[in-house]
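Have a look at the structure below before the remarks.
The values are calculated or read from the model by the stated rules, or taken from the named source; none is laboratory data. Everything numeric in this text was worked out from a predicted model, so none of it was measured. Counting neighbours? That spans all protein chains shown, and the Cβs are built from the backbone with ideal geometry, glycine included. Surface accessibility is based on the protein's heavy atoms, side chains included, excluding ligands, DNA and RNA. Shrake-Rupley method; radii C 1.70, N 1.55, O 1.52, S 1.80 Å.
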Amino acid sequence: MTILNSKNYNAQHKLKDAFVAALPIIAGYTVLGIPCGILGIQAGLTVSQIAIMSLLFYSGAGQYMIPNMLMTATPIGSIIVSVALVNTRQILYSASLSRFLKNTGKPLSFLFAATVTDESFGVNLGRFSYNKNNVEKRHTHQNHTRVKSDKTPQADLIEGWTVTQATAVNLLSLGTWTLANITGAIAGTLFTFPSALASFAMTSIFICLLFMQRFKTPTAIAAIVAAIGVMLCKILGLSGPAILIGAIAGIIAALLVNSATRTTPNAIVRSKGNDKNNVKDDVNNKVNDNDKDEVNCNVNDKGKEKL
Amino acid sequence: MSWLDFGIIVGLSIASILACRVLPAMLLKSRELPDRLQEALGFIPPAAFAALVANDLFSANFFDALYTDSIGAFLPWLATAVVVAVALITRSLIWCIVTGVGSLALLMFFL
């Protein structure tokens, strides 16, 4: 993908697409980063410490937690453990995005993976998947008439979301976050924005990303169980790992539901699904991209084939 | 904060988050994953976003406010209903941020 990107497609155009994709994150991080910088100063951090933390640590949740815990004189050990627990959910994003890095070199893969956040994960995953669905739709559409030609998949590839673009989204977000933090740290109390409002900008992003998912039964189960899991963790006082525990509970529940429904035979879905699988294999050969975005129906179909 | 404390706290935090961000991607990227694992990876987005929303809505403030100020506790929930509608209609992150923060601001101002 990256090779094609550097070849014959307008690089400027691609960068513009990345900027457009990053805009909501840029808006959100500006709103959230300024109060974060203010908080850091209040907790006794210097401007350069805040800048270093924003650039290298780059974690909204973590950068709100550290100053808050410093101000309540929390022991250093428990600060480190709490922050580490909150950020363990990054493991899930990293594993999920790994499939898009198949043909990407190590340095770019590292840079991309190291700069993923909750928000940029959602935005990039949406673009990667949107691209794939388009490829799939077009192929399904042309399936009966298409003679094997290299042109169509090539064209699809060029239109696709590249790891370079995804990294650009990440770096634009990182730059915004760092600048907003430094602005907050320097300008301090000039901006007073209620923190409840600032953090709701992020909540809004998560709500939107959640409801942009295509919900089928197992996907809905994953979301509902995850939310209930987080609520229970919070009630039990496990707020640090709440997101990770909730999300894993949701994933396990969805897997269980999926393997339970897999045994139900359904001829219509089966034939449809097989068709799709063939198309997918075809696309996969060209794209070398083992994206399993439509994992629900896919796996269902595979299970049915075994029957 | 002294640079020593800063180095210990932030240095170790950077190391832990970098490991979480980078290791799974680098270890899995050139591997053919078993079906079951791929299936599980596909459920990460809905589970993670639902967990993040729930994490924000069931905040410490929410549980405190349940006892003291019953309306205030539910303002983010009302704003969430607005954002869900906007998300389903527009599918736009920007519109969700604008209407989410806007509606919460109005609710906080008037209620």
| message | residue B:101 - would you say it is touching a Leu at 6+ places or on another chain (Cβ under 7 Å) and at the interface with chain A (Cβ under 9 Å from one of its Cβ atoms)? | response | yes
| field | In segment B:68-91, the residues that are of a type outside the set (A, V, I, L, M, F, W, C) and farther than 11 Å from residue A:207 by Cα | value | B:68, B:69, B:70, B:72, B:76, B:90
| task | Scan segment A:110-122 residue by residue and report those that are within 7 Å of another protein chain (Cβ to nearest Cβ) and crowded, with 24+ Cβ neighbours inside 10 Å. | result | A:113, A:116, A:122
| request: Give A:101, A:70, A:97 a once-over and let me know the one that is over 19 Å from the mean Cα position of the chain (by Cα), farther than 20 Å from residue A:176 by Cβ, touching a residue at least 24 places away in the same chain (Cβ under 8 Å) and within 7 Å of chain B (Cβ to nearest Cβ). | output: A:70
| Taking helices (runs of 4 or more DSSP H) that do not extend beyond segment A:216-307, which have at least 2 residues that are within 11 Å of another protein chain (Cβ to nearest Cβ) and at pLDDT below 50? | A:295-306
| remark: All-but-one check, residue B:50 against (1) touching a Gly at 6+ places or on another chain (Cβ under 6 Å); (2) at the interface with chain A (Cβ under 7 Å from one of its Cβ atoms), failing number (1)
| remark: Scanning segment A:17-45 residue by residue, the ones that are touching a residue at least 60 places away in the same chain (Cβ under 8 Å) and farther than 21 Å from residue A:193 by Cα total 5
| message | Are there helices (runs of 4 or more DSSP H) fully within segment A:1-109 with at least 2 residues that are open to solvent by less than 10 Å² (accessible area, probe 1.4 Å) and under 27 Å from residue B:48 (Cβ atoms)? List them. | response | A:11-42, A:60-71, A:76-86, A:90-97
